[in-house]
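The values are calculated or read from the model by the stated rules, or taken from the named source; none is laboratory data. What you are looking at is a predicted structure, and each value in this text was computed from that prediction instead of being measured. Cβ: placed from backbone, ideal geometry, glycine included. Neighbour counts: every protein chain shown.
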Amino acid sequence: MRVDLESFEKWYVNQVKHKKVNGEDPGAELTKKSYSFRDAANLLGIHSSNLYEIWREEKLETFTVDFTKRIPIEVFEKWYENQIMYQKVGKMPTITDLQADFIPLHEAAALLGITKEKMSVITRASRFKDCFEIQVFEDKKWISKKSFQHFLNAQSVYQVVKKSEQVKQDNQESMETKEYISRSEAAALAGVTSGTITKWMQMERFSCVGAGKVLRINRKEFLQWLKEYQEGAG
């Protein structure tokens with residue numbers, strides 16, 4: 001089976017899903033006349049889900065290519081001119097552009113030794129929220145380095161942690177998300193020795209998986225049992 005070259009090239013410039021092994025990027029014609037929701041959101045510095053909601057509520061025009069909705073540029077521009085809530089960020093940024101003046105939210109959280117979720121709450125709902133300059137790109141939040149430093153200077157609760165403290169924080173977060181933990185991790189959670197954990201395991205106080213030295217403990221069940229054990233001891 002042979003493919004007509006002219007038809008192939010016409011198809012290629014009007015889609016973005018498939019890329020040639022060698023050659024120009026796809027979608028040259030498609031991107032001249034339309035935006036993906038993510039690209040349009042990047043122009044506004046917001047999450048694409050927010051833009052989807054606007055388009056749905058206002059019943060604005062879209063069309064579909066490869067099962068993905070796109071916004072005609074003329075429709076986007078008309079909507080933009082008739083609203084005052086959102087401002088374009090200037091030019092479409094790139095990761096390289098952002099890295100010069102911004103840091104990802106999760107990296108800011110790591111610097112402070114807190115979770116990404118907690119950092120997100122601080123930027124959205126704390127009394128320090130006005131300190132932050134936030135930009136959304138590729139549906140991820142970035143914080144300007146200047147505003148992050150302003151936040152550090154404005155309060156004393158959160159400060160950049162030392163490397164050793166960060167390793168401890170990372171280990172703690174990792175333990176909190178594990179389904180199964182080792183004897184030493186269980187001992188750290190309970191404040192006892194690994195030998196005591198082994199004794200409790202032999203008494204079948206909680207579920208374990210594996211065999212021999214590679215036994216793992218169900219974290220959730222262990223914590224529940226530990227709570228009941230400590231309350232009983234108290």
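Just checking: which of the helices (runs of 4 or more DSSP H) contained wholly in segment 32-110 hold 3 or more residues that are surrounded by fewer than 18 Cβ atoms within 10 Å (Cβ to Cβ) and at pLDDT 90 or above? Explain how you work it out, then say what you get.
Values: elements: 37-44, 48-58, 73-81, 95-101.
By residue number, 48-58, 73-81.
List pairs: first in segment 152-163 and without any contact (Cβ under 8 Å) to a residue 12 or more places away in the chain and surrounded by 13 or more Cβ atoms within 10 Å (Cβ to Cβ), second in a loop (DSSP other than H, G, I, E, B) and of a type outside the set (Asp, Glu), Cβ under 8 Å, 6+ apart or cross-chain?
152/158; 152/159; 152/160
Residues are listed down the side, and each one gets a yes or a no for (1) at negative phi; (2) out of contact with any strand residue (DSSP E or B) (no Cβ under 9 Å at 6 or more places or on another chain):
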position: 23; (1), (2): no, yes
position: 35; (1), (2): yes, no
position: 41; (1), (2): yes, no
position: 45; (1), (2): no, no
position: 50; (1), (2): yes, no
position: 54; (1), (2): yes, yes
position: 58; (1), (2): yes, yes
position: 65; (1), (2): yes, no
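If a residue must be outside any helix (DSSP H, G or I) and of a type outside the set (Asp, Glu), how many such residues does segment 123-138 contain?
Total meeting the criteria: 8.
Between a first residue in segment 5-34 that is touching a residue at least 12 places away in the same chain (Cβ under 8 Å) and within 20 Å of residue 70 (Cβ to Cβ) and a second residue that is polar (S, T, N, Q) and part of a loop (DSSP other than H, G, I, E, B), which pairs have beta carbons less than 7 Å apart while being 6 or more apart in sequence or on different chains?
26/15; 27/15; 29/14; 30/14; 30/15
Inspect all residues belonging to segment 150-169 and state whether any of them is over 15 Å from residue 113 (Cβ atoms), modelled with pLDDT of 90 or more and under 21 Å from the mean Cα position of the chain (by Cα).
no
Just checking, which of 149, 159, 135 is polar (S, T, N, Q) and not assigned by TED's automatic domain parsing to the domain that holds residue 99? Talk me through it step by step, then tell me what you get.
Numbers: 149 fails: not assigned by TED's automatic domain parsing to the domain that holds residue 99; 135 fails: not assigned by TED's automatic domain parsing to the domain that holds residue 99.
Only one candidate passes the filter, namely 159.
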